[in-house]
Amino acid sequence: MIFRQLFDAESSTYTYLVGEEGTRQAVLIDPVLEQVERDLRLVDELGLVLTHVLDTHVHADHVTASGVLRERTHCTVVGGVGGAACANVQVRHGDSVRVGPLTFQVLATPGHTDDSVSYLLGDRVFTGDALLVRGNGRTDFQNGDAGQLYDSITRVLFALPDATRVYPAHDYKGHTVTSIGEETRHNPRLAHADREAFIHIMENLHLPQPKKIDIAVPANRACGRAASPPQGA
Ligand code: FE
């Protein structure tokens, strides 16, 4: 398997390229609009053909490249049910996305947003903003729900084997990867906090709104192809 972790410095977003050596089919997970040329060049240089884009959720902090990539490569855009209406396939818990011999299993992990999904590929899980390295996504917009996120992380993600490698959609401190075992032991919001304590933490973060939220959310519901501010904004 070909695996690359790519980074967008402006939004601190990780994009993942997963390719299959036999069929040369490839997937981009959470691609960023401003990085389309970088990503397509890498796909080309590695002799791959982009067949799927998997978004983990409708992002608020950057615009997805899914729509542009679909126009350029005719790939299939996949997202969680209730998220981007423009997706070719809306997946729910228990679904699978097959890319040649690779199977991405869909895990519903709502709470950061109500459409958030994680994709499990063997011993790797792409968690979007549900579970980050020593952190988790915020829960104060886009139908976020701290209790729901606690349940998604502790019942769905922490049920995976400890050795499962966790690849998040963002990092702000220089980490690149973690594992389920590491997060169960060391995640500061989860390792020693019960559900009520977690909800209390999340309800008292008082974070500023993401700079791009008014542009990014409507754009991402259209796969990044309507990246203009809403009327009157
Ligand atoms: Fe997000």
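All of the numbers you see were taken from the coordinates with simple rules; none came from a lab. Just so it is clear, the structure is predicted and the values come from calculations on it, not from any experiment. Positions of Cβ are generated from backbone atoms using ideal geometry, with glycine treated the same way; all protein chains shown enter the neighbour counts.
Could you tell me which Cys residues in the chain have no other cysteine's Cβ under 4.7 Å from their own Cβ, answering none if every one has a partner?
For the chain, the answer is Cys75, because their Cβ atoms have no other cysteine Cβ under 4.7 Å.
Rg and Dmax of the chain over Cα atoms: what are they, in angstrom?
16.7, 51
Using the charge dipole of the chain (Lys, Arg: +1 at Cβ; Asp, Glu: -1 at Cβ; taken about the Cα centre), state which of Gly67, Pro210, Ala191 has its Cα farthest towards the positive end.
Selected residue: Gly67.
Quick check: Cα centre of the stretch 56-97 to Cα centre of the stretch 137-209, how many Å?
Comparing the Cα centres of the stretch 56-97 and the stretch 137-209, I get a distance of 23 Å.
Determine ³J(HN,Hα), in whole Hz, for all residues of the stretch 84-94 in sequence, where each value follows from phi through the Karplus function 6.51 cos²θ - 1.76 cosθ + 1.60 and θ = phi - 60°; x replaces Gly and Pro.
Computed from phi, the couplings for the stretch 84-94 are 5, 5, 6, 4, 5, 10, 9, 9, 10, 3, x Hz.
What fraction of the DSSP beta bridges in the chain is antiparallel, stated in percent and rounded to the nearest 5?
65 percent
Just need the relative contact order of the stretch 137-233 here, percent rounded to a whole number, with Cα pairs under 8 Å and 6+ apart.
Working: 72 pairs, mean separation 20.7, N = 97.
The value is 21 percent.
What chymotrypsin sites (Phe, Trp or Tyr not before Pro) in the stretch 150-221 are in a loop by DSSP, with at most 12 other Cβ atoms within 10 Å of the Cβ?
Sparse-neighbourhood loop chymotrypsin sites (Phe, Trp or Tyr not before Pro): Tyr172.
Using Cα pairs under 8 angstrom and six or more residues apart, how large is the relative contact order of the chain, in percent?
Once divided by the residue count of the chain, the mean separation gives 18 percent.
Would you compute, from DSSP H runs of 4+ residues alone, the mean residue ellipticity of the chain at 222 nm, taking -39500 (n - 2.57) per run and dividing by the full residue count, rounded to the nearest 500?
Taking each H run of at least 4 residues, the total per residue is -5500 deg cm²/dmol.
Compute the FRET efficiency between Thr154 and Leu207 as 1/(1 + (r/R0)^6), taking r as their Cβ-Cβ distance and R0 = 30 Å, and round to the nearest 0.05. Walk me through the numbers before you get to the answer.
Values: r = 22 Å, r/R0 = 0.74.
That gives a FRET efficiency of 0.85.
Could you compute the FRET efficiency for Leu46 and Ala163, with r as their C-beta to C-beta distance and R0 at 22 Å, rounded to 0.05?
Numbers: r = 27 Å, r/R0 = 1.22.
Rounded to the nearest 0.05, the efficiency is 0.25.
Fully extended, how many nm does the chain gain between His74 and His175 (0.36 nm per residue separation, minus their Cα-Cα distance)?
This chain segment gains 33.1 nm when fully extended.
Grab the other residues whose beta carbon is less than 14 angstrom from that of Gln5, score K and R as +1, D and E as -1, and report the net.
Working: positive: Arg4, Arg38, Arg124, Arg165; negative: Asp8, Asp30, Asp39, Asp171.
Value of the local net charge: 0.
Tally Lys/Arg at +1 and Asp/Glu at -1 over every other residue whose Cβ is under 9 Å from the Cβ of Gly79; what's the total?
-2
Dipole magnitude of the stretch 2-207 about its Cα centre, charges +1 at Lys/Arg Cβ and -1 at Asp/Glu Cβ only, in debye to the nearest 20?
Charge dipole of the stretch 2-207: 380 debye, to the nearest 20.
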